[in-house]
Amino acid sequence: MLRKLLRIVKVKMLCTVYFAHFYSKISYDKIFWGSSSSVRNVFIIQKRALRIMLRLGPRVSCRQGFKKLDILTVPFYIFMP
């Protein structure tokens, strides 16, 4: 979905779509997968979405992108109350 919207809308709208679809699932489903090994897979998907939104390459670090868009990473979000 993000790839299709990438050509039409700006980054701010992509961020809104991200929070509506992906981040809401993270916040509600963390009780199910919070302590399992699949957290790594969710983090990889989160980085993939961020790379799409910011048009980053596959080998570029996402650290500054998370800061730029004010998005918490999955491992950080799990340990928050």
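General remarks:
- Count of the stretch 48-81 residues which are at pLDDT below 80 and among the hydrophobic types (A, V, I, L, M, F, W, C): 5
- Long-range neighbours under 8 Å by Cβ, at least six apart or interchain, first residue among the basic types (Lys, Arg) within the stretch 51-72, second surrounded by 10 or more Cβ atoms within 10 Å (Cβ to Cβ): ARG51/VAL60; ARG51/CYS62; ARG51/GLY65; ARG55/LEU6; LYS68/LEU54
- Enumeration of residues in the stretch 31-47 that are modelled with pLDDT under 75 and not aromatic (Phe, Trp, Tyr): ILE31, GLY34, SER35, SER36, SER37, SER38
The values are calculated or read from the model by the stated rules, or taken from the named source; none is laboratory data. Everything numeric in this text was worked out from a predicted model, so none of it was measured. With ideal geometry, Cβ positions are generated from the backbone for all residues, glycine too; neighbour counts draw on all protein chains shown.
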